Amino acid sequence: MAFDQDAINEQFPILSREIDGAPLVYLDSGNTSQKPRRVIDAMSSFMENTYAPINRSSYRLAGEATDAYEQGRIAIARLVNASSPDEVVFTKNATESMNLIAMAWGRANLDKGDVVVLTEMEHHANIVPWMMLVQERGIQIRWVPLTADGQLDLTDIDTILDGAKVFSFTAMSNVLGTITPITLLCNKARAAGALAVVDACQFVPHNVTDVQSWNADLVAFSSHKMCGPSGIGMLWGRMEILDAMPPFLGGGNMIDTVTFDGFTTAPVPAKFEAGTPPIVEAVGLAAAVEFLESVGMANIRQHEMDLSRYTLDTLNERFGDDITIYGPANVEQRGGVFSFAFRDLHPHDVSQVLDERNVCVRAGHHCAKPLMKTLGVNATTRASVYLYNTTDDIDALADALDSATDIFGF
Amino acid sequence: MPGLEDLYREIILDHYRTPRNRGELEPPAIKADGHNPLCGDDITVYLDLDTSAGTGDDAVIRDIKIGGQGCSISQSSASMMSQAMLGKSVGDVNARIRRFKTLMGIEGLDEIESDADIDLGDLEALQGVVKFPVRIKCAVLSWNTLAQALTQAE
């Protein structure tokens, strides 16, 4: 299927918004993505026509609502090639999915001295839940270091994984854009007897995903970064892993029965979905998956590789030694996330100047403070692209960066 | 949208390019660390208090040094603050912290009426920050850290 840029962009109402008479240049999709018309319409239409509780009431409307909610699960299973929709658990966001793993699997399987392996380029969501188990259980964390160009340094990986119980790593860094060798890492983890956990939050929205071919055990990702609504995240897991895990949150929907003496749990995935879930959001998510499928994940990846090449070339050609772009230079090894240092300007000041021209980027530590320490900075400016971004957006970014020089005179 | 010239006044850029009172003080000087968890910026305030004329509100700031790193707003605010506080009594410093936070539009302070008469001098240049609400945290970071240092002194 052809990648029709105009047809795609027409589907995003916010892209026609102007601020102070000038168009929006949204380069913060690594943070959160914009929403196409069909997602917005699916959610409004569901609330206008079909909204009701799910899994609880026996009237027809509730049955329709339950079916609509489950369509979200079916769509996600299709998108990531799960062997069954039952392997898809809905959470609040990818952060909650990571916490679910650490708290439910971790508490059942990790004790004092047990080793969890992380990499130096993890998001706080894949660091802090494990550190909570360091405090609570006395587990240990080992870190996979990075190479100078921001890839995982796998020289000593077998030693690092030796005796580990968990290897939890990002599929794509939210700071460096680095895409990791996911299947290789899952294979190494499982060969070492460790649980293979993948933070695929940045990867799934932009690439063809196949959790089965990855040989992963558990994978976390979120809706809001893939054109779906905020408020719903996903945990995919191999059924035998999910089945053996104790529940995370307790309450309604997750039980089989409750007596004065105790409770038994519902089967997966309900076991992990306590309380009323994000119903409307699941409906919007299904529409987002259908939208992405209509464009084609391989086409989206190709578009972003082309745009990444243009971005790296443009910024390096125009600014030379004045700009340092972190992460791999080869677009085959990275996604469309560009963290950079610009002259001696602080990222806050850079983003302030860019905002003057409606160029939206993120400035800060990107919830990856340990990585900032490895890079030797406190913060970076980050531009990140998605299927609706074009070379015009990158030119606008470069022009706006030029104007920063005028103000600060560096 | 307010223009960038409201934010990046010349006096602010001057303090950013040439920060005053940068450095460290050895113990027994007081040391307080402040962080902006949103952006990762950090500021360290070192205070040397002279208690020969009195303690509490009557102690005097004999020396003040600023460490850490941050954006033009947080760095210039810290630099101007250090200049304005040198030689002031703790009572005067606390009044100026209240006055500055009021200038930044932070409400709910038990501001004393006489605070309104305080002239913050160059620091008044930072009032343009109020038009850029996300940057208020940058401007007050060093002030909160100074307040924390004074609490440690008590």
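The values are calculated or read from the model by the stated rules, or taken from the named source; none is laboratory data. All figures in this text were calculated on a predicted structure; none of them were measured in a lab. As a convention, Cβ positions derive from the backbone with ideal geometry for all residues, glycine included, and neighbour counts pool all protein chains shown.
Inspection of the range A:299-321 finds no residue satisfying the criterion of being within 14 Å of chain B (Cβ to nearest Cβ), closer than 21 Å to residue A:400 by Cβ and either aliphatic (A, V, I, L, M) or assigned to a loop (DSSP other than H, G, I, E, B) (or both).
Does residue A:382 satisfy being more than 9 Å from every other protein chain (Cβ to nearest Cβ), within 27 Å of residue B:131 (Cα to Cα) and part of a strand (DSSP E or B)? Spell out how you get there, then give the answer.
On the way: more than 9 Å from every other protein chain (Cβ to nearest Cβ): yes; within 27 Å of residue B:131 (Cα to Cα): yes; part of a strand (DSSP E or B): yes.
The answer is yes for residue A:382.
Return yes or no: is residue A:155 more than 24 Å from residue A:72 (Cα to Cα) and within 21 Å of the chain's Cα centre (by Cα)? It is false that residue A:155 is more than 24 Å from residue A:72 (Cα to Cα) and within 21 Å of the chain's Cα centre (by Cα). Of the strands (runs of 3 or more DSSP E) entirely within the range A:172-272, those holding at least 2 residues that are among the β-branched types (Val, Ile, Thr) and over 26 Å from residue A:56 (Cβ atoms) occupy A:195-199.
Each residue in the range B:38-74 was checked for being within 14 Å of chain A (Cβ to nearest Cβ) and in contact with a strand residue (DSSP E or B) (Cβ under 9 Å, 6 or more places away or on another chain), and 14 pass. If you filter the range A:359-377 down to residues that are out of contact with any His (no Cβ under 7 Å at 6 or more places or on another chain) and assigned to a loop (DSSP other than H, G, I, E, B), you find that the one that is nearest to the other protein chains (Cβ to nearest Cβ) is A:365. Once the range A:147-166 is narrowed to residues that are aliphatic (A, V, I, L, M) and in a loop (DSSP other than H, G, I, E, B), the residue that is farthest from residue A:331 (Cα to Cα) is A:164. Listed conditions (1) surrounded by fewer than 23 Cβ atoms within 10 Å (Cβ to Cβ); (2) more than 24 Å from residue A:279 (Cβ to Cβ) are all met by residue A:216, apart from (1). When residue A:372 is tested against the conditions (1) at pLDDT 95 or above; (2) closer than 25 Å to residue A:153 by Cα, the lone failure is (1). The condition of being surrounded by 15 or more Cβ atoms within 10 Å (Cβ to Cβ), at positive phi and at pLDDT 95 or above holds for only one of A:251, A:231, A:284, A:262, that being A:231. If you take the residues in the range A:11-42 that are in contact with a strand residue (DSSP E or B) (Cβ under 9 Å, 6 or more places away or on another chain) and farther than 23 Å from residue A:293 by Cα, which one is farthest from the other protein chains (Cβ to nearest Cβ)? Out of the qualifying residues, it is A:16. Consider residue A:405 carefully, then state whether it is part of a strand (DSSP E or B) and touching a residue at least 24 places away in the same chain (Cβ under 8 Å). It is false that residue A:405 is part of a strand (DSSP E or B) and touching a residue at least 24 places away in the same chain (Cβ under 8 Å). For residues that are modelled with pLDDT of 95 or more and assigned to a loop (DSSP other than H, G, I, E, B), scanning just the range A:18-34, find the one that is farthest from residue A:299 (Cα to Cα). Within the range A:18-34, the match that is farthest from residue A:299 (Cα to Cα) is A:24. Filter the range B:121-150 down to the residues that are hydrophobic (A, V, I, L, M, F, W, C) and closer than 13 Å to residue B:43 by Cα, then identify the one that is surrounded by the fewest Cβ atoms within 10 Å (Cβ to Cβ). So the residue we want is B:147. The residues in the range A:322-347 that are surrounded by fewer than 19 Cβ atoms within 10 Å (Cβ to Cβ), in a loop (DSSP other than H, G, I, E, B) and in contact with a helix residue (DSSP H, G or I) (Cβ under 7 Å, 6 or more places away or on another chain) can be counted, and the count is 2.
Here A:289, A:350 are screened, and the one residue that is assigned to a helix (DSSP H, G or I), within 14 Å of chain B (Cβ to nearest Cβ) and crowded, with 23+ Cβ neighbours inside 10 Å is A:350. Is the range A:392-403 home to any residue that is within 10 Å of residue A:27 (Cβ to Cβ), acidic (Asp, Glu) and either modelled with pLDDT of 95 or more or crowded, with 24+ Cβ neighbours inside 10 Å (or both)? Yes - at least one qualifying residue is present in the range A:392-403.
Test of understanding: among A:97, A:83, which residue is closer than 30 Å to residue A:255 by Cβ and assigned to a loop (DSSP other than H, G, I, E, B)?
A:83
When the range A:18-35 is filtered for residues that are touching a Cys at 6+ places or on another chain (Cβ under 8 Å) and farther than 20 Å from residue A:391 by Cα, only A:35 remains. Residues of the range A:35-59 being in a helix (DSSP H, G or I) and among the hydrophobic types (A, V, I, L, M, F, W, C), which ones? If the condition is that a residue be in a helix (DSSP H, G or I) and among the hydrophobic types (A, V, I, L, M, F, W, C), then A:39, A:40, A:42, A:43, A:46, A:47 are the ones that fit. Within the range A:155-176, residues that are over 20 Å from residue A:337 (Cβ atoms) reach partners that are in a loop (DSSP other than H, G, I, E, B) and among the small types (Gly, Ala, Ser) with beta carbons closer than 7 Å, at six or more positions or on different chains, in the pairs A:161/A:192; A:161/A:194; A:162/A:192; A:164/A:192; A:164/A:194; A:165/A:194; A:166/A:194; A:167/A:194.
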